[in-house]
Amino acid sequence: MWQSSLGTLERPWAWKAILAVSLAPDWLSAGDWPQFRGPEGRALAVSSRPLPSELGPSQNVIWRTDLPPGHSSPVVVGDRIYLTGVRDKQKLVTLALDRASGQLVWEREAEFEKLEEIHPTGSHATPTVAADGGRVVSFFGSAGLFCHDTEGRLLWQIPLGPFKNDFGSGTSPLIVGDRVILCQDHDTDSFLMSVDKQTGRIVWRIDRGEFPRNYCTPAIWTVNGRRQIVVAATLRIVAYDFETGEEVWTVRGIARIVNMSPCVGTDGNLYVATWSPGAEANDRINTPPFDELAAEADQDKNGTLAKEELPEGPARQRFTQIDRNKDGQITREEYDSMRTVFQQARNVVLAIKPGGQGDITRSHVLWEYTRVIPYCPSPVVYGDHLYLIKNGGILTVLDLHTGKALKEGRIDATGDYYSSPVAGDGKVYLLSQRGQLTVLAAREGWEQLSHSDFGEDAYATPALVDGRIYLRTANHLYCFGLTQSE
C-alpha cells in the first residue's frame, strides 16, 4: 500500500488568462455546478441570467486559460473551478482555478502504481470532479478516489482496482449530502459504493458482478421523500436505496453497453437513453452457439477459445469484452453470457414514472422511443422537450409527454459527439468532438442560432452558471458571457 505526499505538492507553470471584462462582486458564489452535468445531473443552467447565443474563440470571451489534456468537465463551486488533467502524459492532476480570472489556484497530483489501459479516444482524466463548499473529490480509475479540501489539502484517499477493462474508467463520482457515491462497472468485480464524505469510510458497497463494462454516472431520484441511486447498465436499469444500497426496482430491456446518464425531469419522471452497436433491427450482432463455433475454431481441443483461434467476426472483434476475467481464453460460460446479451439488447429511450418496486418494466414505463439514439451524449430535458444529439450531428427533439419525435434533422457540426447537450435561457448548446459548437433556439421546431469552430477537439460537457459558460477544449478552458448587448 502506497502512502501519499499530495498535501505538499504544488506544480506551478505558465498559464495564460485573458480578461475581457470585469466581473461584478455579487456574481461570485451566486450559483454552483457541483458535478457532471450540473445540479442533480440535469444539464440545465443555474440562474435565469441571459446567456450568449454566439460564442467562439474570439466571441464573447471573458477569459481563456491553458489546461493540460483531459476529458473531465468543469465543475464550478463558490469562487473556484475544478477539473482534472494529465500533465506530461503521466501525471494525474486535480486543478483548482479562480472563477473570476481562470488563473491557477492549486494543483495536486494523484499517485498511482501503473496507468491503466484506456480506449483510443479516452483519457486517464475522464471522470468529472464532484465538489461542494468543503470537499473536492476526484476519481482516476484504478488510482482511486482522492478527496481534498478547497485549499488543496489531501483529506483521504481510497485506492481501487486494478480494474479488468481495457477501455478504462469513465464514470464520475457524486457528492450527495454527507456521502460520496461511486459506481464502477467493469468486466469483473463491478460495484456501487457509498463513502462518508468527511472521513473516507466506506458506508456500504454493493456487488454488481452481473454487469460488465458500462459508463453511466448515476442519477439521484427522490421518490416519496426517499433518495434512490439509479444506474443504467447492460440490459437493465436498477434503482438502489440511498441509505442501504438495497435494490428498489428494475426496468429490463435496454442496451448492451450504457454510456449515457439518466436524467430526472422537472416533471418528476425519469428519462433514460441507451444505445450500443449491434442492436439495431437491421444491424444486430449474431453469434453461433458455442459448440458450433468451438467445433470449427477450438484447434487445441481444450474447451476454450483463444483470440488467435477465432475467425474474423463479432467474437474476435470483441474478444476482450467476452473474456471477462482476462485470462486470454473465452470459456463456454463467458461466451454464452455475452451471446445472451447480444440477443436481448435493445437500443431505446424510456420515460419512467416514480413509485415502483420490484420489476416495473410493464407497470411504470410511460413511453419508449427506438430511433436515432446517441451512443455517448446524455439527453437533456428542457421545458416540454427532450433533446438527443447523435454522431453525424443528427438532432432529435421528443415530446416529453408522449415520446413522439417532433423534429429530426442534421445540424452544421456533423462529426462525433461525446459532450452532452446543456440548456438554459431558451437555448441548447451542442459541442462536437471536433470542437464545433452549435447554439439552438430551444423550441419544438428548433432553429440554429450560431455555429463556431474552436480548432481543437472537445470531449467535456460545458457548465452554465450565472450567465457564464465554461467550456473545455483539448488544451483550454474558456469562460464566455455577454460582453455586449446581443
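Any read-out appearing in this document is the output of simple, stated calculations on the displayed coordinates, not a laboratory observation. Keep in mind it's a predicted model, so treat the numbers as computed, not measured. Don't worry about glycine lacking a Cβ; one is built from the backbone with ideal geometry, like all the others, and counts go over all protein chains shown.
Observations on the model:
- Along its first, second and third principal axes, ordered by size, the stretch 300-423 spans 60, 42, 19 Å in Cα coordinates.
- On the principal axes of its alpha-carbon atoms, the stretch 217-259 has extents of 31, 17, 16 Å, going from largest to smallest.
- Calculated [θ] (222 nm, deg cm²/dmol) that DSSP helices of n ≥ 4 give over the chain, each run adding -39,500 (n - 2.57): -1500 deg cm²/dmol
- Counting only the Cα atoms, the stretch 60-112 fills a convex hull of 88 Å³ per residue.
- Rounded to 5, percent antiparallel among DSSP beta bridges of the chain: 95
- Relative contact order of the stretch 90-140, defined on C-alpha pairs under 8 angstrom at six or more residues apart (%): 28
- Amide H within-cut-off set for LEU449, under 5 Å, with H built and near neighbours excluded: VAL439, LEU440, ALA441
- Hull volume in cubic angstrom per residue (convex hull over the Cα atoms of the stretch 103-234): 124
- Here the translational diffusion coefficient of the stretch 209-366 follows from Stokes-Einstein with Rh set to the Kirkwood radius across Cα pairs; for 25 °C and 0.890 mPa s it amounts to 144 µm²/s.
- D by Stokes-Einstein for the chain, Kirkwood Rh over Cα pairs, 25 °C, 0.890 mPa s: 106 µm²/s.
- Under 5 Å between amide hydrogens, built in the peptide plane, is the criterion, and for LEU115 it picks out nothing among residues at least 5 positions away or on other chains.
- If you take the alpha carbon atoms of the stretch 349-486 and fit the smallest convex hull around them, that volume is 127 Å³ per residue.
- In degrees, nearest ten, helix 332-344 long axis to first principal axis of the chain (Cα): 60
- Using θ = phi - 60° and Karplus 6.51 cos²θ - 1.76 cosθ + 1.60, couplings along the stretch 102-108 (whole Hz; Gly, Pro as x): x, 6, 5, 9, 7, 9, 10
- Derived scalar couplings ³J(HN,Hα) [the stretch 69-76; Karplus, 6.51 cos²θ - 1.76 cosθ + 1.60; whole Hz; x for Gly, Pro]: x, x, 9, 5, 8, x, 10, 10
- Compactness index (Cα Rg / 2.2 N^0.38 Å), the stretch 431-486: 1.19
- Under Karplus coefficients 6.51, -1.76 and 1.60, residue-wise ³J(HN,Hα) of the stretch 173-182 in Hz, glycine/proline x: x, 10, 10, 10, x, 9, 10, 10, 10, 9
- Violating pairs (Cα-Cα greater than 19 angstrom) within the set LYS407/LYS427; LYS114/LYS197; LYS197/LYS353; LYS89/LYS114; LYS114/LYS326; LYS164/LYS307: LYS114/LYS197; LYS197/LYS353
- Around ALA219: net Lys/Arg minus Asp/Glu count, Cβ-Cβ under 11 Å: +2
- Pairs of Cα atoms nearer than 8 Å and 6+ residues apart set the relative contact order; for the stretch 294-417 it is 13 percent.
- Under a 5 Å amide H cut-off, with hydrogens placed 1.01 Å from N, ARG208 pairs with SER190, PHE191, LEU192 among residues at least 5 apart or on other chains.
- Considering only alpha-carbon pairs that sit under 8 angstrom and 6 or more positions apart, the relative contact order computed for the chain is 16 percent.
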